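**Student:** Encoded as structure tokens, here's the structure I'll be asking about.
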Amino acid sequence: MSTDLSIEQIIGTVQQLEGSLVVAPAVGDADFPELAWGDAFFYYAPDGEMPRTVQPYGTIVTKDYPDDTDSDLDPDGRWRVNIHVDRGTFGELTGLGGAAGTVDHAAADVVLPHPVYGTAGWIAVVLPGPRTADTVLRLLRDAHDAARARFERRR
């Protein structure tokens, strides 16, 4: 692909995955806290219902959260995709094993440990571009497959 990814392209890719559910609260959506408006949350949910007992396998955030400001997402046009990966993939992508390490979490188009949830196996990419676009889409597919496998084991 080797190009900048848009939020819409990422959401469209995830929506094409069998059993995917993208929850994207819009401004004014009373079913979600205001903080979540404008963000997107990716689930494996073949019934189309948002799971209440599992975390999403991926998210897109479009602003700083109170406990998550290191990526500097408040300026216009900045956003970040977050993806849960397995321990081996985390270490391969970040070179950090299970540790978050010291990195510039505001750097764009770089696969980094998530600034808050890196130790739980989450990676983050601010403004995915030519260096990370293919990786981001592959990791989202892999995370979707892992979420499906967890769903099947629970059934």
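**Student:** Within region 30-49, track down each residue that is assigned to a loop (DSSP other than H, G, I, E, B) and more than 22 Å from Asp67 (Cβ to Cβ).
**Tutor:** Ala30, Asp31, Ala45, Pro46, Asp47, Gly48, Glu49
**Student:** For the structure I just gave you, tell me whether Ile123 is closer than 28 Å to Gln16 by Cβ, modelled with pLDDT of 95 or more, in contact with a Pro (Cβ under 8 Å, 6 or more places away or on another chain) and not small (Gly, Ala, Ser).
**Tutor:** Judged against the criteria, Ile123 is a match.
**Student:** Of everything in region 79-91, what is among the hydrophobic types (A, V, I, L, M, F, W, C) and in a strand (DSSP E or B)? Give them in sequence order.
**Tutor:** Those that are among the hydrophobic types (A, V, I, L, M, F, W, C) and in a strand (DSSP E or B): Val81, Ile83.
**Student:** Determine whether region 102-110 contains at least one residue that is surrounded by 17 or more Cβ atoms within 10 Å (Cβ to Cβ), under 28 Å from Gly19 (Cα atoms) and at pLDDT 95 or above.
**Tutor:** No: zero hits.
**Student:** I'd like to know if region 131-152 contains one or more residues that are outside any helix (DSSP H, G or I) and crowded, with 18+ Cβ neighbours inside 10 Å.
**Tutor:** yes
**Student:** Separate question: Would you pick out the residues in region 6-38 that are surrounded by 16 or more Cβ atoms within 10 Å (Cβ to Cβ) and among the hydroxyl-bearing types (Ser, Thr, Tyr)?
**Tutor:** Listed by number, the residues that qualify are Thr13, Ser20.
**Student:** May I pose another question? Give Ala40, Ala36, Ala30, Ala26 a once-over and let me know the one that is of a type in the set (A, V, I, L, M, F, W, C) and in contact with a Gly (Cβ under 8 Å, 6 or more places away or on another chain).
**Tutor:** On inspection, the qualifying residue turns out to be Ala26.
**Student:** Which residues, taken from region 1-29, are closer than 22 Å to Tyr65 by Cβ and either part of a loop (DSSP other than H, G, I, E, B) or among the basic types (Lys, Arg) (or both)?
**Tutor:** Leu5, Ser6, Ala24, Pro25, Ala26, Val27, Gly28, Asp29
**Student:** Continuing with this model, one more query. Just checking, does region 81-94 include any residue being within 14 Å of Ala24 (Cα to Cα) and either out of contact with any Leu (no Cβ under 7 Å at 6 or more places or on another chain) or of a type outside the set (Asp, Glu) (or both)?
**Tutor:** There is at least one residue in region 81-94 that is within 14 Å of Ala24 (Cα to Cα) and either out of contact with any Leu (no Cβ under 7 Å at 6 or more places or on another chain) or of a type outside the set (Asp, Glu) (or both).
**Student:** Among the residues of region 50-78, count how many are in a loop (DSSP other than H, G, I, E, B) and farther than 19 Å from Ala149 by Cβ.
**Tutor:** 17
**Student:** Across region 105-119, what is the total count of residues that are within 13 Å of the chain's Cα centre (by Cα) and in a helix (DSSP H, G or I)?
**Tutor:** Summing the residues that are within 13 Å of the chain's Cα centre (by Cα) and in a helix (DSSP H, G or I) in region 105-119 gives 1.
**Student:** Something else: Just checking, which of Thr3, Thr94 is surrounded by 11 or more Cβ atoms within 10 Å (Cβ to Cβ), at pLDDT below 95, touching a helix residue (DSSP H, G or I) at 6+ places or on another chain (Cβ under 7 Å) and within 19 Å of Arg138 (Cβ to Cβ)?
**Tutor:** Thr3
**Student:** Which condition number in (1) surrounded by 15 or more Cβ atoms within 10 Å (Cβ to Cβ); (2) free of Cβ contacts under 8 Å to residues at least 40 places away in the same chain; (3) closer than 30 Å to Arg155 by Cβ is the one that Arg52 fails?
**Tutor:** (1)
The values are calculated or read from the model by the stated rules, or taken from the named source; none is laboratory data. Keep in mind the model is a prediction, meaning the values are calculated, not measured. Note that each Cβ is placed from the backbone with ideal geometry, even for glycine, and that neighbours are counted across all protein chains shown.
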